[in-house]
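Pasting a structure here, questions to come.
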Amino acid sequence: MSDFSIIGKRIAMVDAAGKTTGAGKYTDDLTLPGMLIGKILHSPYPHARIKRIDASRALALEGVVAVVTGQDAPNKYGILPVGHDETALAVDRVRYVGDNVACVAAVDETTAEKALELIEVEYEPLPAYFDPEESMKAERDLIHENRPHNLEKDYHHVFGDPEKGFAEADCIRESRYIANEVTHAAMEPHSTLAAFELDPYSGALGRLTVWSSTQVPYYLQHKLSLVLEMPMSQIRVIKPLVGGGFGGKSEVIPLEIIAAVAARAAKAPVKITYTREEVFWAHRGRPRTIMDMKIGAKRDGRLTAVAARVVQDGGAYCSYGVVTILYSGALLGAIYDILNVRWDGYRVLTNKPACGAMRGHGTVNVRFAFESQLDEIAAEIALDPAEIRRINLLQPPCITVNNLRVTSYGLPECIEKVVERSGWRERRGKLPRGRGLGIGCSHYVSGAANSIIRSDMPHSTVNIKIDRDGGVVVYTGASEIGQGSDTMTAQIAAEVLGCTLQRVKIVAADTDLTPIDIGSYSSRVTFMAGNATLRAAEEVKKQIASAAARKMNCVPEDLVFRDDLVFKRGSSVSSVPSGVDSVVAGRVEGQILRGSLQQKRKEEVPKDWMTFEEAVVAAIDFHGALTGTGSYAPPPESRGGSFKGAGVGPSPSYSYSAQVADVSVDEETGEVTVHKVWAAHDCGRALNPVAVEGQIIGSVWMGLGQALEEEMVWKDGLLMNPGLLEYRSPSAVESPEIEPIIVESIDPEGPFGAKECSEGSLAATIPAIANAIYDAVGIRLREVPFTPERVLAAIRARDAAAKKLDLTEGVDPTAPTRFREHGGALWFRGKGPKRHELDPARRAEQLAGGDD
Amino acid sequence: MKKELVELKINGRRHELAIEPSKLLLDVLRQDLDLTGSKRGCDDSSCGACTVLVDGVPMMSCTLLAASCEGQEVTTVEGVAEHGALAAIQRAYGDWGGAQCGYCTPGFMMTVKALLAANPDPTEDEIRYALSGNLCRCTGYSQMYEAVRAAIQAEQKGREQGVGSRNPS
Amino acid sequence: MSLPDFKLLRPRSLAEAVELLGKHVDVQIVAGGTDLIPSLKQRLFIPAYVIDIRRIAELRGIRVIPGQGTEIGALTTLTEIEHSDLIRRDYPVLQEAAKTVASPILRNMGTLGGNICLDTRCLWYNQSLTWRTSCGFCIKKDGDLCHVAPGGTKCWAVFSGDTPPALLCLDAELEIAGPAGTRRLALRDFYTNLGDARMKLARNEMVSRVFLPERTAGYRGVYRKLRLRGSIDYPLAGVAVALKRSNGHVEDARVAITAVNPAPLVVRGVEKEMVGKSVTEEIAAAVGELAARTAKPLTTSALTPEYRREMIRVFAKRAVLEAGTK
């Protein structure tokens, strides 16, 4: 059943023109009359009590309309019901450098920035925790009083009998892997515009409208309601174009609440757009993860057990943390058939910006450790790394030991395809020294089967309205963030209704207009919002079919909707006009001469076909307004087990990936060049191959960034690289060719068989590169990213000729002899005198000495 | 600081503006002229989302003082479309997946426009090199190369036939 | 991020620019803006006046002065240098260095003069005002302690220009314009190797032109740059090599390094090691050692100092081999 007219076709994104012309509006592009600019004052301390805030000097500055602090909105919130530990602005305590302290709303950016300088805050510094393993030992000065040992959450899962499994193994590898912290770095810095309606007579505040760069407008509406103590019905959240999310906009980010709080105080619209540095502080990226991994295997390659202890450095707030840590366990072994699994997960609080969900949520780092170690085992038992993966495949349909229901499983074909395309068999082992091939696999959810806020509510609902001239409007809460969700929605609606794509207009992500959808995260949109769209379209189609069938003297089941026509199944092709002509004719006549057109058609009996528009008119004449609703809730059997933490991991369906990376390593410099990555991804069905390939390439590329270049560098709670210059997102020059290979397993429950394609590929890239480096030069890298110095250090260690690099050799004798890794704990020793040039006293002194 | 009168020529149109001398071209475009196509993505002149052409040369409008562009021709993404229709490169970026979230896209449009003006038939390496000053976080750049090639072909075909090609395949 | 308030002055001639420099005290010069503008956003400078010299046409362009060498105006963009046939033919090391600077867009803006006068950089310095507030500031700006070398009184911020090491290899001279007219200074005498007061330029002076002597025209040249990303990045270590060969033997040779000290430095002892010999692996390795000994990187930049110094050794060795044998 691959005979589709719109599904599976290479289609340009429906919103592409707005993006290439610059006409499309993102949040920061919006303005309102009387709009103020908000700027946030951030904490200079990683951990401190706020003793006093005095904003009087700031308020006195001309152009400043309002200054708000934590006291203006003290209600706690958080994305997870178990993690309500944030306030819009710090109430009495700051927990990381960059934590939000106050916000100024002023007539322009310059004034707001100047006003920030005038706010006086007195802090009492507290001891801070930066290393998760140190933080876990904390007895006092806890980051949150209700989290002993700064432990956000720990889980301990045992499936099968791991001890027995390891006892049966012929080969066991055990080692520690570290993946350093990375962030989304979406090109659009977060932005929010909040405006209250004012009663023209009393000036009292009315409804609130918020435009925001968000992946989750409905969660934002919910949290705003919580913090502002307003009913949700009084809050409208609109998502304009969003310049990339990758998870960084998948929860409520402080500025979104702060803008509303400031707008309430200022009684004027307030827009806040983060600086790039603030984006890094808002963060919610992938945590630094320490993984102690142990895998056992039989000599024949069968895996007998896996055990992992995973510690995530979560930062100062819970964010998605509980989910992140659980994903690192749930998807650890479930890609393969492993009967014995032990997993201990620790989500730890530290005095750094909160980590959260980032593309491949929770699975990426453990996949790196697992797939790398699997390669080590293959090497030890002299098995082809592709083969050891094949030996351990699941036999679907099946349920894994941790209760994940696998309905479609394209992994075998993915492995086969990348092995074939990369010339794995022919080339591996025969490449010149310094060049190698490596393989890695991954999998990911197509949305979570259990929503964050437990309820029986469907996760997606879609409404469709069809106008008299055949215009189809789809109302969906799904958030287009560049991944193509609007296009996917339009395609599904058009395919079901058999109309052209041009007829379909998408109204998305506006809480006043669109039915609830829990958002664009965990790769849920195609599967869930897609299914809801499918059902809504089918419901409307049924109404059209019954009206059309009446006109065509047949039963509705006999009708085919396709190419903008409705015709009787089996009617001879020649009697059906070609689609294009009928569209044109229908449009012209339909608008102006509808009456006479219908008249004319009435005389032509019996009819074998109608245009889509005629059928719609017939249906509207019969039913009145033509609308339909569809919703999607994951089936109960997909929702997983009942053990503690079982809620995270289950999905209605899983995607699978296999990749081969081709790399070179310069043994003298440690520089790694990735020549090419072959990436096969089982997306169920590719609804739009251009979009699917774009998502695969983008995921692989982002994995490549994490593998080679990207790393948030911390010194005592200070982020050393809070900008796109020093946080290195790969440029076009070193980005390799990526060959996307689509594998279609046609999922039984996905819309047209489709499932996830935007995240799963990322996790396979890092181990594929690690394994290729091993193949090239025989070094096993256990810390990501593989920067040249880490690679070189490993090469030197390998050679045992490791000439120790002596930093002091030949150094200028006047230079200090001791270099410390970082600036030291300045927080406890007092700071250098604050006398920068914006200090009014200093400025006055300087001007006095000036020339005019 | 006192505003000063500055005359800027943007997309072929003259604008007389009263602006602070410290105001950046990007802010003038976005705030004073509502030309919001040019984007701000960073604060350290690294990302290229604000790229405009100054006398035909790609430059970062976030790194230029608006007042120092007096007397020069500034072209923004709003000036790329031809007589209201998408330019070949704009259409190709849409058709070939060169734009996903679209935030970096205006910057790429300007860079590619300048590239093709200087070198109508670049090799893939030349395209990579030319695009290496613009960061994109969605696409991994790959589909952009196809888009640029498709645009070149469409332009050539357009010159032969007088119309641009519509579909990718 | 907005810029601090300042008055903008836009001279049309060098004479006018110099006059303005003499007249005002609290001044910054802006040409391409790629170094100054981000620094203004970060409030590393809060000048009362900014002199925009982009309109001074006389400081733009490359021309040969017969019998003397080649003159490059300080406002010549790095893109112009990258694409100049003359530079590619006569001073290839400069062309190689120029084309590695930042990214194509930034090279369209950035000028040779700007690259020479580039402010020194440090992870503790090139940060926003808010960020620097949280580290207690540093010795280079607003503070009195150094985070890179605690306890020291010297600023170790690192010079990160790509073209100066190439220019040093070519024995370039600078023309410096000031109220008293112009003076010439060998580039190798221009830098102080101090992170804060980085160059010997009076407050009322500006670099106006660069001279490349005819003597070094035709020297083979190679520039190698360490960076994590293929574009955009400042160098984390850089090595320039220029040498003249005759009959397979080295007649003259120079190596200079960048991004590992507060100034770009000529590596001493290279001539002694190389002149009169044909380049071999051993000689190249020896030059690599000399270069590494000249490098004193600290934790001012990404990657560890040890690694950056090691790469100076490897890159110098490779660059010498390439220039000496290709």
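If you check A:Asp29 against the conditions, is it open to solvent by less than 20 Å² (accessible area, probe 1.4 Å) and within 14 Å of chain B (Cβ to nearest Cβ)? Before the answer, list the steps.
Values: open to solvent by less than 20 Å² (accessible area, probe 1.4 Å): yes; within 14 Å of chain B (Cβ to nearest Cβ): yes.
Considered against the rule, which asks whether it is open to solvent by less than 20 Å² (accessible area, probe 1.4 Å) and within 14 Å of chain B (Cβ to nearest Cβ), A:Asp29 comes out as yes.
Which residue pairs have Cβ atoms closer than 9 Å, lie 6 or more positions apart in sequence or on different chains, and pair a first residue in segment A:773-785 that is touching a residue at least 60 places away in the same chain (Cβ under 8 Å) with a second residue that is acidic (Asp, Glu) and part of a helix (DSSP H, G or I)?
Taking only residues 6 or more apart or on different chains, the pairs are A:Tyr774/A:Asp375; A:Tyr774/A:Glu376; A:Asp775/A:Asp375; A:Arg780/A:Asp375; A:Arg780/A:Glu376.
Of the residues A:Ala167, A:Ala179, A:Ala259, which single one is under 24 Å from A:Val65 (Cα atoms) and not basic (Lys, Arg)? I'd like the intermediate steps shown before the answer.
On the way: A:Ala167 fails: under 24 Å from A:Val65 (Cα atoms); A:Ala179 fails: under 24 Å from A:Val65 (Cα atoms).
After applying the criteria, what remains is A:Ala259.
Let me ask something else. Please go through segment A:189-221 and pick out each residue that is surrounded by fewer than 20 Cβ atoms within 10 Å (Cβ to Cβ), part of a strand (DSSP E or B) and in contact (Cβ under 8 Å) with a residue 60 or more places away in the chain.
Across segment A:189-221, the qualifying residues are A:Leu198, A:Leu205.
Any residue that is at pLDDT 95 or above, polar (S, T, N, Q) and assigned to a loop (DSSP other than H, G, I, E, B) - is there at least one of those in segment C:233-256?
no
Hey, can you tell me all the residues within segment A:656-675 that are among the hydroxyl-bearing types (Ser, Thr, Tyr), open to solvent by less than 10 Å² (accessible area, probe 1.4 Å) and either assigned to a strand (DSSP E or B) or without any contact (Cβ under 8 Å) to a residue 60 or more places away in the chain (or both)? Can you show your working first?
Restricting attention to segment A:656-675, the residues satisfying the condition of being among the hydroxyl-bearing types (Ser, Thr, Tyr) are A:656-657, A:664, A:669, A:673.
Checking which are open to solvent by less than 10 Å² (accessible area, probe 1.4 Å) leaves us with A:656-657, A:669.
If the condition is that a residue be among the hydroxyl-bearing types (Ser, Thr, Tyr), open to solvent by less than 10 Å² (accessible area, probe 1.4 Å) and either assigned to a strand (DSSP E or B) or without any contact (Cβ under 8 Å) to a residue 60 or more places away in the chain (or both), then A:Tyr656, A:Ser657 are the ones that fit.
Let me ask something additional. Take the conditions at the interface with chain B (Cβ under 8 Å from one of its Cβ atoms) and of a type in the set (Gly, Ala, Ser) and apply them to C:Gly33. Does it pass? Quick ask: steps written out before the conclusion?
Details: at the interface with chain B (Cβ under 8 Å from one of its Cβ atoms): yes; of a type in the set (Gly, Ala, Ser): yes.
For C:Gly33, the condition - at the interface with chain B (Cβ under 8 Å from one of its Cβ atoms) and of a type in the set (Gly, Ala, Ser) - is met.
Filter segment A:248-274 down to residues that are within 14 Å of chain B (Cβ to nearest Cβ) and either open to solvent by 10 Å² or more (accessible area, probe 1.4 Å) or over 18 Å from A:Ala186 (Cβ atoms) (or both), then give me how many there are.
Here the count works out to 2.
Give the residue, chosen from C:Arg313, C:Arg229, C:Arg308, that is over 30 Å from A:Leu719 (Cβ atoms) and basic (Lys, Arg).
Details: C:Arg229 fails: over 30 Å from A:Leu719 (Cβ atoms); C:Arg308 fails: over 30 Å from A:Leu719 (Cβ atoms).
Selected residue: C:Arg313, the only one of C:Arg313, C:Arg229, C:Arg308 that is over 30 Å from A:Leu719 (Cβ atoms) and basic (Lys, Arg).
Quick check on this structure: which one of A:Leu719, A:Leu792, A:Leu725, A:Leu781 is within 14 Å of chain C (Cβ to nearest Cβ) and over 24 Å from the mean Cα position of the chain (by Cα)? If you could, list the steps in order and put the result at the bottom.
Values: A:Leu719 fails: over 24 Å from the mean Cα position of the chain (by Cα); A:Leu725 fails: over 24 Å from the mean Cα position of the chain (by Cα); A:Leu781 fails: within 14 Å of chain C (Cβ to nearest Cβ).
Within the list A:Leu719, A:Leu792, A:Leu725, A:Leu781, the selection yields A:Leu792.
Mind checking whether some residue in segment C:303-314 is open to solvent by less than 10 Å² (accessible area, probe 1.4 Å) and more than 14 Å from chain A (Cβ to nearest Cβ)?
No, every residue in segment C:303-314 fails to be open to solvent by less than 10 Å² (accessible area, probe 1.4 Å) and more than 14 Å from chain A (Cβ to nearest Cβ).
Has segment A:99-107 got at least one residue that is surrounded by 23 or more Cβ atoms within 10 Å (Cβ to Cβ), assigned to a loop (DSSP other than H, G, I, E, B) and at pLDDT 95 or above?
The answer is yes, given that some residue of segment A:99-107 is surrounded by 23 or more Cβ atoms within 10 Å (Cβ to Cβ), assigned to a loop (DSSP other than H, G, I, E, B) and at pLDDT 95 or above.
Yes/no matrix, rows are residues, columns are (1) at pLDDT 90 or above; (2) of a type outside the set (Gly, Ala, Ser); (3) over 21 Å from A:Asp467 (Cα atoms):
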site: A:Glu538; (1), (2), (3): yes, yes, no
site: A:Ser546; (1), (2), (3): yes, no, no
site: A:Lys551; (1), (2), (3): yes, yes, no
site: A:Val555; (1), (2), (3): yes, yes, yes
site: A:Asp563; (1), (2), (3): yes, yes, no
site: A:Ser574; (1), (2), (3): no, no, yes
site: A:Ser596; (1), (2), (3): no, no, no
site: A:Arg601; (1), (2), (3): no, yes, no
site: A:His623; (1), (2), (3): no, yes, no
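Please go through (1) within 24 Å of A:Thr289 (Cα to Cα); (2) more than 25 Å from the chain's Cα centre (by Cα); (3) assigned to a loop (DSSP other than H, G, I, E, B) for A:Glu134 and return the number of the only condition it doesn't satisfy.
(3)
Conditions tested, residue by residue: (1) facing chain A (nearest Cβ under 9 Å); (2) more than 28 Å from B:Asp44 (Cβ to Cβ).
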residue: B:Gly94; (1), (2): yes, yes
residue: B:Tyr103; (1), (2): yes, no
residue: B:Pro120; (1), (2): no, yes
residue: B:Cys138; (1), (2): yes, no
residue: B:Ser142; (1), (2): yes, no
residue: B:Glu146; (1), (2): no, yes
residue: B:Lys157; (1), (2): no, yes
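Moving on to the next point. Consider A:Glu734 carefully, then state whether it is more than 14 Å from chain B (Cβ to nearest Cβ), touching a residue at least 24 places away in the same chain (Cβ under 8 Å) and open to solvent by 10 Å² or more (accessible area, probe 1.4 Å). If you could, list the steps in order and put the result at the bottom.
On the way: more than 14 Å from chain B (Cβ to nearest Cβ): no; touching a residue at least 24 places away in the same chain (Cβ under 8 Å): yes; open to solvent by 10 Å² or more (accessible area, probe 1.4 Å): yes.
In short, no.
More than 27 Å from A:Thr526 (Cβ to Cβ) and at the interface with another protein chain (Cβ under 8 Å from one of its Cβ atoms): which single residue out of A:Glu693, A:Glu709, A:Glu671 fits that description?
Just a single option satisfies the conditions, and that option is A:Glu709.
In the set C:Ile56, C:Ile81, which member is surrounded by 21 or more Cβ atoms within 10 Å (Cβ to Cβ), away from chain B (no Cβ under 11 Å) and under 17 Å from B:Leu64 (Cα atoms)?
C:Ile56
Turning to a different aspect of this structure: Taking interchain pairs and intrachain pairs at least six residues apart, which have beta carbon atoms under 8 angstrom, with the first residue in segment A:386-397 and assigned to a loop (DSSP other than H, G, I, E, B) and the second open to solvent by 70 Å² or more (accessible area, probe 1.4 Å)?
Qualifying pairs under 8 Å: A:Asn392/A:Arg302.
If you don't mind, there's one more thing I want to ask. Filter segment C:253-300 down to residues that are over 20 Å from C:Asn193 (Cα atoms), open to solvent by 10 Å² or more (accessible area, probe 1.4 Å), in contact with a helix residue (DSSP H, G or I) (Cβ under 8 Å, 6 or more places away or on another chain) and not charged (D, E, K, R), then give me how many there are.
Counting residues in segment C:253-300 that are over 20 Å from C:Asn193 (Cα atoms), open to solvent by 10 Å² or more (accessible area, probe 1.4 Å), in contact with a helix residue (DSSP H, G or I) (Cβ under 8 Å, 6 or more places away or on another chain) and not charged (D, E, K, R) gives 5.
Hey, another quick one. Exactly one of these conditions fails for B:Ala130: (1) farther than 22 Å from A:Asp29 by Cα; (2) open to solvent by 50 Å² or more (accessible area, probe 1.4 Å). Give me its number.
(2)
Out of (1) within 9 Å of another protein chain (Cβ to nearest Cβ); (2) surrounded by fewer than 24 Cβ atoms within 10 Å (Cβ to Cβ), what's the single condition that is false for A:Trp714?
So A:Trp714 meets the others, but not (1).
Further question on the same structure: Please enumerate the residues belonging to segment B:86-142 that are without any contact (Cβ under 8 Å) to a residue 12 or more places away in the chain and more than 12 Å from A:Thr20 (Cβ to Cβ).
B:Ala118, B:Asn119, B:Thr123, B:Asp125, B:Glu126, B:Tyr129, B:Ser132, B:Gly140, B:Ser142
Does segment C:145-154 include one or more residues that are out of contact with any His (no Cβ under 9 Å at 6 or more places or on another chain), hydroxyl-bearing (Ser, Thr, Tyr) and either assigned by TED's automatic domain parsing to the domain that holds C:Ile46 or open to solvent by less than 10 Å² (accessible area, probe 1.4 Å) (or both)? Please lay out each step first, then the result.
Residues of segment C:145-154 out of contact with any His (no Cβ under 9 Å at 6 or more places or on another chain): C:145-146, C:148-154.
Remaining after also requiring hydroxyl-bearing (Ser, Thr, Tyr): C:153.
In the following step, the residues that additionally are either assigned by TED's automatic domain parsing to the domain that holds C:Ile46 or open to solvent by less than 10 Å² (accessible area, probe 1.4 Å) (or both) were identified as none.
Among the residues of segment C:145-154, not one is out of contact with any His (no Cβ under 9 Å at 6 or more places or on another chain), hydroxyl-bearing (Ser, Thr, Tyr) and either assigned by TED's automatic domain parsing to the domain that holds C:Ile46 or open to solvent by less than 10 Å² (accessible area, probe 1.4 Å) (or both), which makes the answer no.
For (1) surrounded by fewer than 22 Cβ atoms within 10 Å (Cβ to Cβ); (2) away from chain B (no Cβ under 14 Å), each residue gets a yes or a no:
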| residue | (1), (2) |
| --- | --- |
| A:Gly24 | no, no |
| A:Leu59 | yes, yes |
| A:Ala66 | no, yes |
| A:Ala73 | no, yes |
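What number of residues within segment B:20-56 satisfy the criterion of being more than 24 Å from B:Ala81 (Cβ to Cβ) and either within 12 Å of chain A (Cβ to nearest Cβ) or aromatic (Phe, Trp, Tyr) (or both)?
So the count comes out to 9.
To continue, here is another question. Just one of the numbered conditions (1) of a type outside the set (Asp, Glu); (2) in contact with a strand residue (DSSP E or B) (Cβ under 6 Å, 6 or more places away or on another chain); (3) assigned to a loop (DSSP other than H, G, I, E, B) is not true of C:Arg184; which one?
Answer for C:Arg184: the failing condition is (3).
Among the numbered conditions (1) within 13 Å of chain B (Cβ to nearest Cβ); (2) surrounded by fewer than 16 Cβ atoms within 10 Å (Cβ to Cβ), tell me where A:Asp54 comes up short.
(1)
The values are calculated or read from the model by the stated rules, or taken from the named source; none is laboratory data. As the structure is a computational prediction, the values presented were derived from the model and not from experiment. FYI the Cβ positions are ideal-geometry reconstructions off the backbone, even for glycines, and counts take in every protein chain you see. We work out accessible area using only protein heavy atoms, side chains counted, and drop any ligands, DNA or RNA first. Shrake-Rupley method; radii C 1.70, N 1.55, O 1.52, S 1.80 Å.
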